[in-house]
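The values are calculated or read from the model by the stated rules, or taken from the named source; none is laboratory data. Predicted model only: the values in this text are computed from it and were never measured. So basically every Cβ, Gly included, is an ideal-geometry build from the backbone, and we count neighbours across all protein chains shown. Only protein heavy atoms, including side chains, enter the accessible area calculation; ligands, DNA and RNA are left aside. Shrake-Rupley method; radii C 1.70, N 1.55, O 1.52, S 1.80 Å.
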Amino acid sequence: AYPYRAIDLVEISPAIVRAANRFFRVPNRNSLDDPRVELIIADGRNHMLVSKERYDIITIELTSVWFAGAANLYSQEFYELCRRRLSDTGVLQQWIQLHHIRRSEVAVIVRTLRQAFDHVALFVSGGQGILVASARPLVASSSALRKLSARPGIRATLGSLTELEQLLPRLVASGADLDRFVRDSDDGRHIVSTDENLYL
């Protein structure tokens, strides 16, 4: 629905791709048939390690942080890799669970992300968290959001919302407020999750 020129879709599980094509073609808007989409069956982190591409957005949706191997996508080294693969104005977006997790573990995720990105924001909706990060200040343009919202394809994805700008109140914290949450939630341990400690 969005006006991207090219989309690399990296999925580690062929079964997920088959299910998306067989059972979810309507909700995913037949995205696997979109000529802009290049489907790559691989581990996303490994793909970024060998790819030379730079992206305007990297978006990550994965299962719970408690599943084996998931901590590799919340480590300092992974976030630094994402930063290298983003364009100068690029944005990283990552889902984080807010259930079955303590504030101190959310704080570790945010602190780790802040090692690679100067600007981080946390949005919350329906008990789920979305982290947004960039090397540049995160600024939302009302006119750009209204223009996108007017596109019929995007309007069809908004559900109960009437325009994208209504997502902005779901911002919970950014900048100094988010840093204060991290400082107040980590019991003074200042832990950063790395590939070596895999704290999460």
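Quick one: putting +1 on the C-beta of Lys and Arg, -1 on the C-beta of Asp and Glu, what dipole do you get for the chain around its Cα centre, in Debye to the nearest 20?
Numbers: 25 positive and 23 negative charges, 116 e Å.
That gives a dipole near 560 debye.
Amide H to amide H, which residues 5 or more places from VAL91 or on other chains are under 5 Å from it, using H placed in the peptide plane?
ILE57, ILE58
For the chain, what is the calculated [θ] at 222 nm in deg cm²/dmol (nearest 500), taking -39500 (n - 2.57) for each run of four or more DSSP H residues and dividing by its residue count? Please list the in-between numbers first.
On the way: 7 runs with 62 residues, N = 200.
That calculation yields -8500 deg cm²/dmol at 222 nm.
Work out how much length SER64 to ASP179 would gain on full extension: take 0.36 nm times their residue separation and subtract the Cα-Cα distance, in nm to one decimal. Walk me through the numbers on the way to the answer.
Working: separation 115, 0.36 × 115 = 41.40 nm, distance 2.36 nm.
Contour length minus the Cα-Cα distance gives 39.0 nm.
Defining a contact as two alpha carbons under 8 Å apart and six or more residues distant in sequence, what relative contact order in percent does the chain show? Provide the component values of the computation, followed by the final result.
Numbers: 289 pairs, mean separation 42.7, N = 200.
Contact order relative to length: 21 percent.
Can you work out D for the stretch 79-141 in µm² s⁻¹ from Stokes-Einstein, where Rh is the Kirkwood radius over C-alpha pairs, the temperature is 20 °C and the viscosity is 1.002 mPa s? Let's see the in-between values first.
Working: Rh = 12.2 Å.
The calculation lands on 175 µm²/s.
In whole Hz, what ³J(HN,Hα) sequence does the stretch 179-193 give by Karplus (6.51, -1.76, 1.60; θ = phi - 60°), x for Gly and Pro?
4, 5, 4, 4, 4, 7, 10, 10, 6, x, 8, 6, 7, 10, 7
Could you pull out every residue, at least 5 positions away or on a different chain, whose amide H is within less than 5 Å of the one on ILE96? Hs are placed 1.01 Å off N in the peptide plane, and Pro or chain starts have none.
The answer is GLY129, ILE130, LEU131.
Whole-Hz ³J(HN,Hα) for each residue in the stretch 167-173, computed from phi via Karplus 6.51 cos²θ - 1.76 cosθ + 1.60 with θ = phi - 60°, x for glycine and proline: what do you get?
These are the phi-based 3J(HN,Hα) values: 6, 4, x, 7, 5, 8, 7 Hz.
What is the distance, in nm, between label points placed 7 Å from the Cα along the Cα-to-Cβ direction at THR162 and at ASP195?
In this crude label model, THR162 to ASP195 measures out at 5.0 nm.
Can you list the HN-Hα couplings for the stretch 141-149, worked out from phi with the Karplus curve (6.51, -1.76, 1.60; θ = phi - 60°), rounded to whole Hz and with x for Gly and Pro?
9, 4, 5, 5, 5, 5, 5, 5, 4
Could you provide, to the nearest whole Å², the per residue accessible area of the stretch 149-200 with probe 1.4 Å?
Values: 3260 Å² over 52 residues.
It amounts to 63 Å² per residue over the stretch 149-200.
Take peptides 82-92, 165-175 and line them up by average Cβ neighbours within 10 Å, highest first, as a rough protection proxy. List each step's numbers first, then the result.
Details: 82-92: 16.6, 165-175: 14.3.
With the highest mean Cβ count within 10 Å placed first, the list reads 82-92, 165-175.
With the full set of protein chains in place, find how many percent of the accessible area of the stretch 146-196 is carbon and sulfur; take the probe as 1.4 Å.
The C+S portion of the solvent-accessible surface of the stretch 146-196 is 51 percent.
Taking amide hydrogens as modeled 1.01 Å from N in the peptide plane, which residues meet the under 5 Å criterion relative to ASP8, leaving out close sequence neighbours?
Here the answer is GLU38, since their amide H atoms fall under 5 Å of that of ASP8.
Given LEU167, SER193, ILE154, which one lies farthest toward the positive end of the charge dipole of the stretch 91-200, if we put +1 on the Cβ of every Lys and Arg and -1 on the Cβ of every Asp and Glu?
ILE154
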